[in-house]
Protein chains: 2
Amino acid sequence: MGITVVGSIAYDAVSTPFGERQLMLGGAAVHFALAASFFERVHVVGPIGDDFAEEDLARIGSRGVDVSDVERIAGGQTFFWRGVYGWDLNSRETLETRLGVFEGFEPKLSAESRASDVLFLANIQPDLQFQVREQLQDARFVALDSMNLWIDIARESLLRVIGSVDCLILNDSELRQLTQKPNLIAASREVLSWAPTSDRHRGPSVIIAKQGEYGAALVTRTGFFSLPAYPLETVVDPTGAGDTFAGGFVGYIAAHPDEELSDELLRRAMAHATVLASFNVEEFGTERVERLNGAEITERIAELSACTSFSAVPAALRA
Amino acid sequence: MGITVVGSIAYDAVSTPFGERQLMLGGAAVHFALAASFFERVHVVGPIGDDFAEEDLARIGSRGVDVSDVERIAGGQTFFWRGVYGWDLNSRETLETRLGVFEGFEPKLSAESRASDVLFLANIQPDLQFQVREQLQDARFVALDSMNLWIDIARESLLRVIGSVDCLILNDSELRQLTQKPNLIAASREVLSWAPTSDRHRGPSVIIAKQGEYGAALVTRTGFFSLPAYPLETVVDPTGAGDTFAGGFVGYIAAHPDEELSDELLRRAMAHATVLASFNVEEFGTERVERLNGAEITERIAELSACTSFSAVPAALRA
């Protein structure tokens, strides 16, 4: 039982057409943990600096998230990202990235974090991801996110860690870049065909392509599934949407340890991921998800089902 | 009964990563008619030049499409478009457009074309669209497509014709451009709020945003529906996909004259539109849809349903 996540714990400065925040709680591990905490106990592994407020640590831990493996580096500065979004929120520009305590970070996992049966490797340097993955050799489900930077500068390391996980979660453009295949299905099948890193590993069997405002697609060896984003009239800040999605997806799987990893289970997980992400983007940073409750999630799952369903009655055709 | 479509009948020269065609049958009215002909008898209105082959006219008419309002302009040249697609088929560049017989075109409709109860105004100059719309005042369902060019250079004319139709079908980027609203729902609601052009018109009540490889969304005053594209491992040529989609959508509605224009009916129409478009892109131009049969459509409707369905059973949540 339990989910371990390794990734960034950050302060973000964000500007969108709807406003801005100068110093807000963020980071992939934080967004992931807040979402996944609806489903299972989460253990967060990652570094923070002297500047990281105790009250922000308490916010991460509010839904029973274990922050004992959040390592405070004396004399260090918390990871910082500053970015600005364009008018339709589909483009964003990074204005500043300060690695701070992430330079030289070496993940140290407590016995409890190592005992989780589910692991999420958020987007960090792929050798660090692999190092953590090797500390949870018995995990029954391991998922990984990455980004274009690592495809560009650390491809071999990235391929090694991908071959050691069960599930790859990438933006669709990154999946194309990784495989050099422009078609989503072909790109996914390519990754599904890659050999495991070693006999000890299973290799990827679940591919998720995140498609931003359009939703996400799931490709396995046995099926394809596509789900649009939950329709929102106002999106305020997409920061962290992908990690919140991952938190909903991985969290749902963690909460169903006795179910086989079937396409049917994965689809339900996709629906919960989509709904969690839809709340994330309604306000800045973690603001909305921190206030979220289970009833709101349940209600939106039903709404998502309602706005994606149609009757497949065949028409009378003339030929 | 019957569907009338006005729009281009063209020769296209297309280059994609999968090959090229130097002179292939195309045009919005042609793609629309071939798709809609599975559902109802279609009357095509549009001009061709001396160069247009009789055998191509026969191809358009093969599934009972009425081509008697296709006007051959003596001494004229058929509309010609040349374009090239990028590696992922999401970008395309127009290399050449020759209006030919479309310059000075004045639509002339036979009594039969005027008697149709459903009308599709494919993407042409909006005053021409309005002129045709006024000749089918009693049509029970009128849909319209347009493009960025007309938003840029003929906005007032475009707004007039939009206020005279029931259904607006646009690319999502064009819907944003038209309304200056970046959000799809907000943009759609904006158009739904526009007043009818006159007391004789109803004004738009159905908005469809085409989203290319991601599918399409439907917004009405009572609901939202989103449908991904049918998953294909190989897409050869997207030319005409939008008009084929429109043909499936409008055709389905035309074939159900006794049903109220409910969200439920519109969703079924969207599914048929999506499936028709998926066949269109599998080969160049009209090649695949010309060979298509009803059983293939019916089969793919079931597959589309299968790859978009999930069980909305609520999860046990921790908060």
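The values are calculated or read from the model by the stated rules, or taken from the named source; none is laboratory data. Since this is a predicted model, take the numbers as computed values, not measurements. Using ideal geometry, Cβ is built from the backbone for each residue, glycine included, and neighbour counts are taken over all protein chains shown. Ligands, DNA and RNA are excluded from the accessible area calculation, which covers all protein heavy atoms including side chains. Shrake-Rupley method; radii C 1.70, N 1.55, O 1.52, S 1.80 Å.
Filtering the range B:241-257 to residues that are in contact with an Asp or Glu (Cβ under 8 Å, 6 or more places away or on another chain) and either away from every other protein chain (no Cβ under 13 Å) or assigned to a loop (DSSP other than H, G, I, E, B) (or both) leaves B:Gly242, B:Asp243, B:Ala246, B:Ala255, B:Pro257. The single residue among B:Ser157, B:Ser164 that is surrounded by fewer than 19 Cβ atoms within 10 Å (Cβ to Cβ), modelled with pLDDT of 95 or more, away from chain A (no Cβ under 11 Å) and over 25 Å from B:Thr239 (Cα atoms) turns out to be B:Ser157.
Would the range A:266-278 turn up any residue that is hydroxyl-bearing (Ser, Thr, Tyr), open to solvent by 20 Å² or more (accessible area, probe 1.4 Å) and either out of contact with any strand residue (DSSP E or B) (no Cβ under 9 Å at 6 or more places or on another chain) or part of a helix (DSSP H, G or I) (or both)?
Of the residues in the range A:266-278, the ones hydroxyl-bearing (Ser, Thr, Tyr) are A:274, A:278.
This time we only want the ones that are open to solvent by 20 Å² or more (accessible area, probe 1.4 Å), so: none.
Taking every residue of the range A:266-278 in turn, none turns out to be hydroxyl-bearing (Ser, Thr, Tyr), open to solvent by 20 Å² or more (accessible area, probe 1.4 Å) and either out of contact with any strand residue (DSSP E or B) (no Cβ under 9 Å at 6 or more places or on another chain) or part of a helix (DSSP H, G or I) (or both).
When A:Ser205, A:Ser146, A:Ser193, A:Ser110 are checked against the criterion of being within 27 Å of A:His272 (Cβ to Cβ) and open to solvent by 30 Å² or more (accessible area, probe 1.4 Å), A:Ser205 stands alone in meeting it. Restricting attention to the range B:103-151, the residues that are among the aliphatic types (A, V, I, L, M), in contact with a helix residue (DSSP H, G or I) (Cβ under 7 Å, 6 or more places away or on another chain) and in a loop (DSSP other than H, G, I, E, B) add up to 3.
Within the range B:3-26, being under 14 Å from B:Asp69 (Cα atoms) and in a loop (DSSP other than H, G, I, E, B) holds for B:Gly7, B:Ser8, B:Ile9. Scanning the range A:73-82 for residues being under 24 Å from A:Ala35 (Cβ atoms) and either open to solvent by 50 Å² or more (accessible area, probe 1.4 Å) or more than 19 Å from the chain's Cα centre (by Cα) (or both) gives a total of 2. Of all residues in the range B:1-56, exactly one satisfies the criterion of being surrounded by 21 or more Cβ atoms within 10 Å (Cβ to Cβ), within 14 Å of another protein chain (Cβ to nearest Cβ) and among the charged types (D, E, K, R), namely B:Glu40. In summary, B:Pro314 fulfils each of the numbered conditions (1) buried (at least 18 other Cβ atoms within 10 Å of the Cβ); (2) under 30 Å from A:Val275 (Cα atoms); (3) within 7 Å of another protein chain (Cβ to nearest Cβ) with the single exception of condition (1). With respect to (1) within 24 Å of B:Glu213 (Cβ to Cβ); (2) buried (at least 19 other Cβ atoms within 10 Å of the Cβ), the lone exception for A:Pro126 is condition (1).
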